[in-house]
Structure formats: structure tokens, C-alpha cells
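Derivation of every value follows stated rules applied to the coordinates shown; laboratory data play no part. Not measured: the values here are computed from a predicted model. So basically every Cβ, Gly included, is an ideal-geometry build from the backbone, and we count neighbours across all protein chains shown.
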């Protein structure tokens, strides 16, 4: 099986929530690190899939809004190498 596309590490900001009664009002956002193959990308989002079956099906996809991305690093193919 040949995987087309890029394997990336994306650091992004996600919302958080908590239930119940709390005396402290401040709640920090979460910093998330996601690794996966780019399944789709357009002007507003990147969809990443960490699992690819031998049939080409993608598993456990996550759509990440581009406005939430703090950092993005291509892990494969490395610069100067092709997929």
C-alpha cells in the first residue's frame, strides 16, 4: 500500500469545559498535539487521519479549524524526499 500525502504534527488550541460548581472562574483552553496523514485541506480546515487501512480507508479523522492551529510540522516526506 502506498500512502499519498503528508504526515504532519499539528499543535492546535481546543476549547475546554468542566461540569459542576467551581469557585474559580478562569478555565484555560487546551493545547492539543495531533499526528496524522492529511486527508483533506481547504481554506478553513485541515482534516487529519492517524490510521490508514490497507484498503485506503481512513480511521479516526479529526477536522481542525485553521484559525486554531498554532504550529504545523511536516514529518513525512522530509524535505528533499518524495512520498
### Message
I'm checking a number: the convex hull volume of the Cα atoms of the chain, normalised per residue, in Å³. What is it?
### Response
107
### Query
Given a Förster radius of 22 Å and the C-beta distance between residue 54 and residue 76 as r, what FRET efficiency does 1/(1 + (r/R0)^6) yield to the nearest 0.05?
0.75
### Message
Please compute the modelled spin-label separation between residue 9 and residue 21, points set 7 Å along Cα→Cβ, answer in nm with one decimal.
### Response
4.4
### Message
How high is the relative contact order of the chain? Use alpha-carbon pairs under 8 Å, at least six apart in sequence, and give a whole percent.
### Response
36
